[in-house]
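Please treat every number below as a calculation from the coordinates, not as lab data. Quick caveat, the model's predicted, so the values are computed rather than measured. Here Cβ is always computed from backbone atoms with ideal geometry, including for glycine, and neighbour counts include all displayed protein chains.
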Ligand SMILES: [Zn+2]
């Protein structure tokens, strides 16, 4: 068990009506947005980025955002632009900042 490190979690998964470029099945592509964050004792401390993947439910082909074709990448960019990383992935930093501010105020006042 690690006390700190990086984790990844899917924050959105959306089905599309696009066809798979490999097996050519219709409406089998779903796009997921994944956030990478640093955790300390499993408490999310700081989100360091988000990335996307597309997955075909028929042939299980998974593509990263750099491997997507133009059509899938255009839909991914639209989805990715409207998704913000939830505040909960910064909760460790926020709580630390509040604690340090409280301690400093008590020290000097
Ligand atoms: Zn496929």
**Q.** Reciprocal mean inverse distance between Cα atoms of the chain - Kirkwood radius, Å
**A.** 16.0 Å
Q) What span do the alpha-carbon atoms of region 18-63 cover on each of the three principal axes, reported in whole Å from largest to smallest? A) 43, 15, 13
Q: Using 0.36 nm per residue of separation minus the Cα-Cα distance, give me the extension gain between residue 78 and residue 57 in nm, one decimal.
A: 5.5 nm
Q) To the nearest 0.05, what FRET efficiency results for residue 23 and residue 91 with a Förster distance of 41 Å applied to their C-beta separation? A) 0.50
(Q) Report the Cα centroid-to-centroid distance between region 8-36 and region 58-108 in angstrom, as an integer. (A) 18 Å
